[in-house]
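Worksheet: the structure to be examined is printed underneath.
The values are calculated or read from the model by the stated rules, or taken from the named source; none is laboratory data. All values reported here derive from a predicted model rather than from experimental measurement. Here the Cβ positions follow ideal geometry from the backbone for every residue, glycine too, while neighbour counts run over all protein chains shown.
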Amino acid sequence: MSGKRISREKETISKMIALYETQCPQASRDPGHYQALNAYADKRLDKCVFGEEKPACKQCPVHCYQPAKREEMKQVMRWAGPRMLWRHPILTVRHLIDDRRPVPELPEKCRPNNKA
Ligand code: SF4
């Protein structure tokens, strides 16, 4: 089960993807595409090494997304981000606050010189 921060991020991402989907021609050609992208993002959040202390993904030193998915998510965020404020103002403000969180230190198990 996700904590508040991860749940909030999942909700934000889901709304951004839904918004983006409304204007994307690919959505009608492949209706499951954005559902799969959303499921992928949820899975990354569930496995995030920082857990509830996670930084904004765009500032993350780990970058756990596959490169193609990362690019696609960047595109979604770039388009949907400015439009979110009018449709989901509270969620957007929370997201902007979360985005300003400092990047925490990498957990021990993720550090390059970890021999465990
Ligand atoms: S990119 Fe970083 S912050 Fe985002 S889910 Fe992956 S590990 Fe967590």
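Residues that are in contact (Cβ under 8 Å) with a residue 12 or more places away in the chain, closer than 24 Å to E105 by Cα and not in a loop (DSSP other than H, G, I, E, B) within region 59-72 comprise just one, Q59. When the residues of region 7-42 are filtered to those that are of a type in the set (V, I, T) and at pLDDT 95 or above, the one that is farthest from V93 (Cα to Cα) is I17. Residue count for region 72-104 satisfying the condition of being exposed (fewer than 13 other Cβ atoms within 10 Å of the Cβ) and within 13 Å of the ligand (Cβ to nearest atom): 2.
Scanning region 73-95 for residues that are closer than 19 Å to I6 by Cα and of a type in the set (D, E, K, R) yields K74, R94.
Where helices (runs of 4 or more DSSP H) sit wholly within region 1-57, those with at least 1 residues that are over 14 Å from the mean Cα position of the chain (by Cα) and in contact (Cβ under 8 Å) with a residue 60 or more places away in the chain occupy 4-21. Selection of first residues in region 81-103 that are at positive phi and assigned to a helix (DSSP H, G or I) and of second residues that are surrounded by 14 or more Cβ atoms within 10 Å (Cβ to Cβ) and of a type in the set (G, A, S), restricted to Cβ pairs under 9 Å at least 6 apart or on distinct chains, gives an empty result.
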